[in-house]
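Comments concern the structure below.
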Amino acid sequence: MTTFVDVDVRPTLRAGGEPFGEIMQAIGTLKPGEGLRLLATFKPTPLFHVLGSKGFSYVAKELDGGDWEVLFSPSAPEQAAPAPQETPTTATPDQSNWPEPVQHLDNRDLDPPEPMVRILAATESMNNGEVLSALLCREPLFLLPELAKRGHGWRGGFETDGKTYKILVRIGGAQGAAA
């Protein structure tokens with residue numbers, strides 16, 4: 001039987017913080033047969049893929065007030081939880097020239113998960129090879145695995161102000177796009 005370690009990231013999210021590191025740290029401390037009970041202010045859909053790739057299944061349910069509880073269970077209870085791996089903070093180097101962005105989003109004033117939702121929605125209406133530019137108030141750790149899963153390339157980093165994260169998303173990655 002799985003026992004669960006509680007991680008409540010609602011205060012972090014409400015304060016505008018990014019709880020990914022907190023969640024991954026908790027995953028790294030799990031003992032054999034332990035799972036994670038996550039409490040969040042939204043359904044953390046991107047986390048399902050990230051932790052699924054680390055051997056966890058999940059059950060999510062919405063709580064009163066719009067909050068969510070997600071139980072992450074190790075797929076094989078007799079095994080210890082896999083050690084956390086860092087989410088890449090830079091894309092695989094792509095030496096080709098990217099075209100100018102055809103769409104620009106300023107998501108700096110939005111609360112999670114709205115910036116990620118807007119970026120992913122925008123990519124759905126774009127053609128292969130086109131580039132989207134977006135400004136964010138933090139590094140988009142949950143967005144990066146979703147972009148990779150959908151086959152998009154990306155480049156990103158903090159601007160010189162140290163507060164604005166600018167990401168360029170190339171639809172379909174480097175494949176099929178003119179250099």
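The values are calculated or read from the model by the stated rules, or taken from the named source; none is laboratory data. This is a predicted model, so every value here is computed, not measured. Virtual Cβ from ideal backbone geometry, glycine too; neighbours counted across all protein chains shown.
Looking only at region 30-54, filter to residues that are among the aliphatic types (A, V, I, L, M) and without any contact (Cβ under 8 Å) to a residue 40 or more places away in the chain; which one of those is farthest from residue 67 (Cα to Cα)? Working first, answer last.
We begin by selecting, within region 30-54, every residue among the aliphatic types (A, V, I, L, M); these are 30, 36, 38-40, 47, 50-51.
With the extra rule that they be without any contact (Cβ under 8 Å) to a residue 40 or more places away in the chain, the set shrinks to 36, 38-40, 51.
Numbers: 36: 16, 38: 10, 39: 7, 40: 6, 51: 20 Å.
So the residue we want is 51.
Table: residues versus (1) outside any helix (DSSP H, G or I); (2) in contact with a Lys or Arg (Cβ under 6 Å, 6 or more places away or on another chain); (3) hydrophobic (A, V, I, L, M, F, W, C).
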residue: 22; (1), (2), (3): no, no, no
residue: 27; (1), (2), (3): no, no, yes
residue: 36; (1), (2), (3): yes, no, yes
residue: 39; (1), (2), (3): yes, yes, yes
residue: 42; (1), (2), (3): yes, no, yes
residue: 48; (1), (2), (3): no, no, yes
residue: 57; (1), (2), (3): yes, no, no
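With more than 21 Å from residue 167 (Cα to Cα), surrounded by 15 or more Cβ atoms within 10 Å (Cβ to Cβ) and modelled with pLDDT of 80 or more as the only criterion, which of 26, 15 stands out?
Checking each option against the conditions leaves just 26.
Given the conditions (1) more than 12 Å from residue 98 (Cβ to Cβ); (2) assigned to a strand (DSSP E or B); (3) among the aliphatic types (A, V, I, L, M), and given that residue 132 satisfies all but one, which numbered condition is not satisfied?
Against the list (1) more than 12 Å from residue 98 (Cβ to Cβ); (2) assigned to a strand (DSSP E or B); (3) among the aliphatic types (A, V, I, L, M), residue 132 comes up short only on (1).
Does residue 155 meet the test of being over 26 Å from residue 42 (Cα atoms), under 16 Å from the mean Cα position of the chain (by Cα) and not assigned by TED's automatic domain parsing to the domain that holds residue 52?
yes
Looking at residue 128 and the list (1) more than 25 Å from residue 28 (Cβ to Cβ); (2) at pLDDT 85 or above; (3) in contact with a strand residue (DSSP E or B) (Cβ under 7 Å, 6 or more places away or on another chain), which single condition is not satisfied?
All conditions are met except number (3).
Given the criterion over 15 Å from the mean Cα position of the chain (by Cα) and modelled with pLDDT under 90, identify the matching residue among 35, 55.
On the way: 35 fails: modelled with pLDDT under 90.
It is 55.
Regarding region 157-166, can at least one residue be identified that is assigned to a strand (DSSP E or B) and either at pLDDT 90 or above or β-branched (Val, Ile, Thr) (or both)?
We begin by selecting, within region 157-166, every residue assigned to a strand (DSSP E or B); these are 157-158, 165-166.
Okay, now just the ones that are also either at pLDDT 90 or above or β-branched (Val, Ile, Thr) (or both), so 165-166.
Looking through region 157-166, at least one residue is assigned to a strand (DSSP E or B) and either at pLDDT 90 or above or β-branched (Val, Ile, Thr) (or both).
Look at region 110-122 and say how many of its residues are loosely packed, with under 13 Cβ neighbours inside 10 Å and farther than 18 Å from residue 19 by Cα.
Qualifying residue count for the region: 1.
Which of the residues spanning region 99-127 are in a loop (DSSP other than H, G, I, E, B), touching a Lys or Arg at 6+ places or on another chain (Cβ under 9 Å) and farther than 20 Å from residue 158 by Cβ?
Result: 99, 113.
I need the full set of residues from region 131-142 which are at pLDDT 90 or above and crowded, with 19+ Cβ neighbours inside 10 Å, in order please.
Scanning region 131-142 gives 131, 132, 134, 136.
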